[in-house]
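First comes the structure, then the notes that go with it.
Where a number appears in this text, it was derived from the coordinates with a stated rule and is not lab data. If you're wondering where the values come from, they're calculated on a predicted model, not measured in any experiment. Backbone-built Cβ (ideal geometry, glycine too); neighbour counts: all protein chains shown.
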Amino acid sequence: MSKTNALIIGSSSGIGAELVRQLCVNSYFDNVHAVSRNVLSFFHPKLCSHQADSSEESEVENICQTLQKHGPFTLVVCCIGMLHLNGQGEHIKPEKRLEDLSAKQLEFYFKVNTLAPMMWMKHLPRLFSPSFDSHVVFLSARVASIEDNKLGGWYGYRASKAALNMLIKTSQVEYQRRFKTVQIVAYHPGTVDTGLSKPFQANVPKNKLFSVSFTVEKLLSHLATLDINNAPHFIDWDNKPIPW
């Protein structure tokens with residue numbers, strides 16, 4: 001029987017690292033492949049670590065070519081994304097008003113939140129098999145919902161994640177023709193206690209600030225309930241649909 005593999009992209013992040021840990025002890029997967037810019041400090045017999053810069057398409061393509069040799073992948077989770085940044089020569093935080101907008105900051109949001117995930121979407125199909133059902137999950141956000149946007153603000157983050165959602169919907173149309181056993185998921189994990197949400201946790205109720213272990217457990221349990229005929233899916237941590 002062919003080995004089944006899982007792939008976590010952005011595996012050094014809080015959610016990505018927890019996914020790696022939980023999937024390594026999941027009996028369904030023979031191997032867990034983790035991609036990040038940095039070497040992981042976590043070790044497990046099932047774990048295969050790969051270093052790549054997801055902003056470089058050539059590196060994404062090379063990783064996918066390498067992974068193709070390992071057999072079919074039934075789960076891919078892309079955890080790439082940013083909300084704020086202070087370092088690497090950049091200082092970025094969500095815009096509160098129109099005067100805060102800059103072309104440079106918008107470009108950075110789209111580069112990280114939209115373009116990098118889509119380069120993976122482009123090259124992932126070589127990892128799937130028509131003999132196996134597969135899920136491809138991209139971390140999205142409720143604020144990416146155009147219909148649900150009542151508060152405004154956060155222009156770059158909202159727009160870049162909304163663009164990712166549109167590309168997910170468009171990709172699923174093609175996947176349904178060419179890769180019929182694959183369903184794509186845009187997943188809103190809620191407010192998770194990670195570095196991404198740290199500056200914005202003050203007004204979050206304690207029962208709505210989730211641990212990474214809770215978030216990952218919820219995601220993995222929800223995947224088994226999804227109907228491929230309704231793909232793509234835009235769901236939240238409680239498995240409730242979010243309007244696109």
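So which chymotrypsin sites (Phe, Trp or Tyr not before Pro) in the range 10-118 end up in coil per DSSP with only 12 or fewer other C-beta atoms within 10 Å?
Numbers: sites: Tyr28, Phe29, Phe42, Phe43, Phe73, Phe108, Tyr109, Phe110; in loops: Tyr28, Phe29, Phe42, Phe43.
Here the sparse-neighbourhood loop sites are Tyr28, Phe43.
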Legend entry - Helix-derived mean residue ellipticity, 222 nm - over the chain, DSSP H n ≥ 4, -39500 (n - 2.57), to 500: -9500 deg cm²/dmol
Inset, instruction - Name the long-range amide H neighbours of Ser145: under 5 Å, sequence gap of 5 or more, or other chain; modelled H, no Pro or chain starts. - result: none
Inset, instruction - Mind checking the range 34-76 for GluC sites (Glu not before Pro) that DSSP puts in a loop (not H, G, I, E or B) and that have at most 14 other Cβ atoms within 10 Å? - result: Glu56
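Within the chain, which is the longest segment containing none of the trypsin sites (Lys or Arg not before Pro) that sit in a DSSP loop and have at most 15 other Cβ atoms within 10 Å? Provide the component values of the computation, followed by the final result.
On the way: sites that count: Lys3, Arg37, Lys96, Arg97, Lys150, Lys180.
The segment 181-244 is the longest one with no such site.
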Inset, instruction - Take the chain, connect every pair of alpha-carbon atoms lying under 10 Å apart with a spring to form a Gaussian network, then pick out the residue of Ser134, Ser171, Ser102 with the largest mean-square fluctuation. - result: Ser102
Legend entry - Amide proton proximity set for Val185, modelled H, under 5 Å, gap of 5+: Val136, Val137, Phe138, His233
Inset, instruction - Using a 10 angstrom cutoff on alpha carbons, build the Gaussian network for the chain and name the most mobile of Thr215, Thr225, Thr114. - result: Thr225
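With +1 on the Cβ of every Lys and Arg and -1 on the Cβ of every Asp and Glu, and nothing else charged, how large is the dipole of the range 5-236 about its Cα centre, in debye rounded to the nearest 20? List each step's numbers first, then the result.
Values: 23 positive and 20 negative charges, 51 e Å.
With Lys and Arg at +1 and Asp and Glu at -1, about 240 debye.
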Inset, instruction - Pairs to check: Lys122/Lys180; Lys3/Lys122; Lys93/Lys122; Lys218/Lys240; Lys122/Lys169. Give those whose C-alpha atoms are more than 18 Å from each other in this structure. - result: Lys3/Lys122; Lys93/Lys122
Inset, instruction - Taking amide H positions as placed in the peptide plane 1.01 Å from N, state which residues far from Thr4 in sequence (5 or more) or on other chains have amide H under 5 Å from it. - result: Asp30, Asn31
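Extension gain Asp148-Ser41, at 0.36 nm per residue separation less the Cα-Cα distance, in nm?
Net length gain for the segment: 34.6 nm.
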Legend entry - Label-to-label distance, nm, for residues given as Thr66 and Glu99 (7 Å Cα→Cβ offset): 4.9 nm
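Using a Förster distance of 22 Å, how high is the FRET efficiency between Asp133 and Val173, based on the Cβ-Cβ distance and rounded to 0.05? The partial results should precede the final answer.
On the way: r = 18 Å, r/R0 = 0.83.
Efficiency computed from Cβ-Cβ geometry: 0.75.
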